[in-house]
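A.B. asks: Sharing a structure below in structure tokens format, with a few things to ask.
Here, each number is a calculation from the coordinates, and none is a lab measurement. The shown structure was predicted, so the numbers you read here are calculated from the model rather than taken from an experiment. Note that we place each Cβ from the backbone using ideal geometry, even for glycine, and neighbour counts take in every protein chain shown.
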Amino acid sequence: MLKVAVVGLGDISNIHLPVIESNPNVELVAVCDTEESMKDNWLDTGTVFYADYHEMLAKESLDCVHVCLPHHLHYLVTKACVEKGVHVFLEKPLDKDLENAIKLVQLEQSNKEVKICVSLQNRYNETFVTLQERVESGKYGKVTGLKGLVTWYRPKSYYAQKPWRGKMAYAGGGVMINQSIHTLDLMQLLGGRIERIRGSIDQLLDYDIEVEDTATANIQFANGARGLFFATITNAVNSSVELQVLLEKGKFTIKDSVLTAVNHLGQKENIIEDKKLSGSKFYYGASHSKLINHFYTCIENDTDDYIHVRDGLPSMQMIDAICNSSETKQEMTMEV
């Protein structure tokens, strides 16, 4: 039985914990958070509460730690786990910026015996798996265009309740690194190597935060395809993410958790629908459990077909390029 711990008991841990507790081959032996008042929630549960992850790593014999912390702590805590020989399930993003993301890649490369899985779980959505298979089949020709849209809403209280979300030193960014990094990740998986990006970021809301609430980019792929990316938290509601791929012989769209196809004759059909996460966070998707449980299997069987740190680097490079392009008002060349 795998012995597992969670570091960080914020909102995203509420997605991880039910998955951990529902797996009969996993035991949640410890949790950790600097907010010591949370300790009361774990009394008489059999799970030990810690306020210091160093103490937890020193006292517990762990197989895997889930890192569910503010972005600026991802590299530091992952490094501490890896140095103890403990596998890590890391929430996105890799860290707050590209510099630390590269350090994390180097950490992975120099510690191959320890597994680090990055939570880019939308790769496991039924709609995306099917879409990727169809694009890679070659049946519909080459990819000619991509569109990724994320139009969500976050109230001012979202930042007031957890101020780190609005500060560059802790979050590293706003709508791109926090809400729409999954869409950037899926776009680069479908489009392939990126050559150039021209982007712009802005603050359209009077939230008194340092991070962007809106971003847009024109993406030029090495294969000649063109991409449009747009993300914002200024919408009235949390609308469905839209991911569209244009090919020489067809058009595929994921929207409202359904993959549809339009062929060259203009005929539209529904192909497959995603399983939905229950509750108000339905738009997160339901693939956290797939990825987490798959990673546990990889640990048990010592296999490596999970989402590695190196797999998470392209989306961080895209964010960095969009930010630099916005600042310089110039197109950025991607170095991948």
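A.B. asks: Using only Cα atoms, find the angle between the long axis of helix 181-191 and the longest principal axis of the chain, and express it within 0 to 90 degrees, rounded to the nearest 10.
C.D. replies: 50 degrees
A.B. asks: In degrees from 0 to 90, rounded to the nearest 10, what is the angle of the helix 313-328 Cα long axis to the longest principal axis of the chain?
C.D. replies: The angle comes out near 60 degrees.
A.B. asks: Ranked highest first by the average count of other Cβ atoms within 10 Å around their residues, in what order do 293-303, 40-50, 310-320 fall?
C.D. replies: Output ranking for 293-303, 40-50, 310-320: 310-320, 293-303, 40-50.
A.B. asks: Can you tell me the alpha carbon radius of gyration of the stretch 126-241 divided by the globular rule-of-thumb value 2.2 N^0.38 Å?
C.D. replies: Against the compact-globule rule of thumb, the ratio is 1.19.
A.B. asks: For labels at residue 133 and residue 45 in the simple 7 Å Cα→Cβ model, what's the distance in nm?
C.D. replies: Inter-label distance under the simple model: 3.8 nm.
A.B. asks: Taking only the Cα atoms of the stretch 51-102, how large is their convex hull per residue, in Å³?
C.D. replies: Cα-based convex hull of the stretch 51-102, divided per residue, equals 72 Å³.
A.B. asks: Which value at 222 nm does the chain reach when only helices count, each DSSP H run of 4 or more adding -39,500 (n - 2.57), with the total divided by all residues and rounded to the nearest 500 deg cm²/dmol?
C.D. replies: Theoretical 222 nm ellipticity from helices: -9000 deg cm²/dmol.
A.B. asks: Using the C-alpha atoms of the stretch 60-210, what convex hull volume per residue, in cubic angstrom, is computed?
C.D. replies: About 158 Å³ per residue, rounded to a whole number.
A.B. asks: Helix 288-301 versus the longest principal axis of the chain: what is the Cα-based angle in degrees, 0 to 90, to the nearest 10?
C.D. replies: Approximately 60 degrees, to the nearest 10.
A.B. asks: What does the charge count around residue 324 come to, taking other residues whose C-beta lies under 14 Å from its C-beta (Lys +1, Arg +1, Asp -1, Glu -1)?
C.D. replies: Counting the neighbours of residue 324, the net charge comes to -4.
A.B. asks: Which aspartates and glutamates does residue 147 reach when only Cα atoms under 14 Å apart count, and residues fewer than 8 places away in its own chain are ignored?
C.D. replies: Within the straight-line cut-off, residue 147 pairs with 185, 242.
A.B. asks: Using only the Cα atoms of the stretch 205-267, each taken as one equal point scatterer with no solvent, compute I(q) by the Debye sum, divide by I(0), and report log10 of the ratio at q = 0.19 Å⁻¹.
C.D. replies: Log10 I(q)/I(0), no solvent term: -0.91.
A.B. asks: Same structure, new question: For residue 103, what charge total do you get from the other residues with a beta carbon under 11 Å from its beta carbon, if Lys and Arg give +1 and Asp and Glu give -1?
C.D. replies: That works out to -3.
A.B. asks: Need one number: nm distance between label points at residue 249 and residue 276, each 7 Å from Cα along Cα→Cβ, rounded to one decimal.
C.D. replies: 3.4 nm
A.B. asks: Here is a further query. What list of whole percents do you get for P(r) of the stretch 228-336, with Cα-Cα distances grouped in 5 Å bins up to the one holding the largest distance?
C.D. replies: 2, 9, 11, 13, 16, 19, 16, 10, 3, 1
A.B. asks: Right, another one. List the aspartates and glutamates whose alpha-carbon lies under 15 Å from that of residue 59, not counting same-chain residues fewer than 8 positions away?
C.D. replies: Reachable aspartates and glutamates: 83.
A.B. asks: State which entries of 156/268; 167/251; 92/268; 96/249; 3/112 exceed 28 angstrom in Cα-Cα distance in the structure shown.
C.D. replies: 156/268; 167/251; 92/268; 96/249, as the Cα separations exceed 28 Å there.
A.B. asks: Note the full-extension length gain between residue 265 and residue 99 as 0.36 nm times their separation in residues minus their Cα-Cα distance, in nm to one decimal.
C.D. replies: Length gained between residue 265 and residue 99: 55.0 nm.
A.B. asks: Can you tell me the Rg and Dmax of the chain, counting just the alpha carbons, in angstroms?
C.D. replies: Calculated on Cα positions, Rg and Dmax stand at 20.0, 64 Å.
A.B. asks: Something else: Which three extents, in angstrom, do the Cα atoms of the stretch 18-98 have along their principal axes, listed largest first?
C.D. replies: Per principal axis, max minus min of the Cα coordinates gives 41, 29, 24 Å.
A.B. asks: Quote to one decimal, in nm, the extra length available between residue 11 and residue 328 on full extension: 0.36 nm per residue of separation minus the C-alpha distance between them.
C.D. replies: Contour length minus the Cα-Cα distance gives 110.6 nm.
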